[in-house]
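A short worksheet on the structure shown next.
The values are calculated or read from the model by the stated rules, or taken from the named source; none is laboratory data. Please read all numbers here as calculations on a predicted model, not as lab measurements. Cβ placement follows ideal geometry from the backbone for every residue including glycine, while neighbour counts extend to all protein chains displayed.
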Amino acid sequence: MDAQFPSHHQLLSQGPRLKLPPPDERRQRRELWGATLEEVASALNVEPATMAAWEAGRYTADAADTYAYLRLLNAFRDQLPTGHEPDWAALRKPPTSPASAAAVPAQGAAERTAAKPARRGASWTQDEKDYVRTAFLDGTAVPELADSLGRSERSVRWVLYHLRLIPFPADDVPDPCAKPEKPKVYTVEEKRKIHPNAYAPWSTEEEQLLAERCTHGASLAELSREFGRNQGGIASRLKKINAVGPAAEEAREYGGDDSGAAL
């Protein structure tokens, strides 16, 4: 035997020279067997994103993982039904977006009608979700997915999260809404700048004069100006003294009660 070649004992002692098939063939074997990336990832105990990187040739596994992956790929190939010849050209086609897929004729049917363009805020279809899953695992970035589907990047990230392909997008959660400000509490002095007699007690003479002015047809607005009190206080006092007149009718519709009688 030529000295430059090792003996069979030496060759076997060196262990297997692990070499995976090209990325296109890795995917072809898996798809021909009918397995999804998630199923292969689960079988090899890795994350789907890692499995997608192995299949696409973007990441090299260690020797043990490479050996397990190679054995699985070879099993896919060797255990196919005898005489089965796949359509290799069809298997090499990249995933198409839902919009472009409308131009592909359906098997045994007429050509599909053009899909309606996706819009921001519209409900996600199952075709779009399937496309996002396949394209993302093939290495398509979120901005590219958003552009191809007419969606916002935030919307794409939430879909990827619900597909369990990325962690929870905490950065996309809005800050808690601020509590509404409480109405400003005015002091007696501030109210008396507008209504000089606000919160002042009513005298008997004022109540008699208020009843007379109401009987003579004065309105709530006129009585508010004359007595230096707001209309709520006037309305409450008119109801309390059982006044009669147009202002008293306004008071019943105004909604005032005895709690504002001092105003």
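Some notes on this structure:
- Filtered residue count, the stretch 233-259, keeping only those that are at pLDDT below 85, surrounded by 19 or more Cβ atoms within 10 Å (Cβ to Cβ) and either under 53 Å from the mean Cα position of the chain (by Cα) or not in a helix (DSSP H, G or I) (or both): 4
- Selection status of Ala211, surrounded by 14 or more Cβ atoms within 10 Å (Cβ to Cβ), at pLDDT 85 or above and assigned to a loop (DSSP other than H, G, I, E, B): no
- Identity of the residue in the stretch 126-143, at pLDDT 85 or above and surrounded by fewer than 14 Cβ atoms within 10 Å (Cβ to Cβ), that ends up farthest from Glu39 (Cα to Cα): Pro143
- Checked against (1) of a type outside the set (D, E, K, R); (2) at pLDDT below 85; (3) within 16 Å of the chain's Cα centre (by Cα), Pro117 passes all but condition (3).
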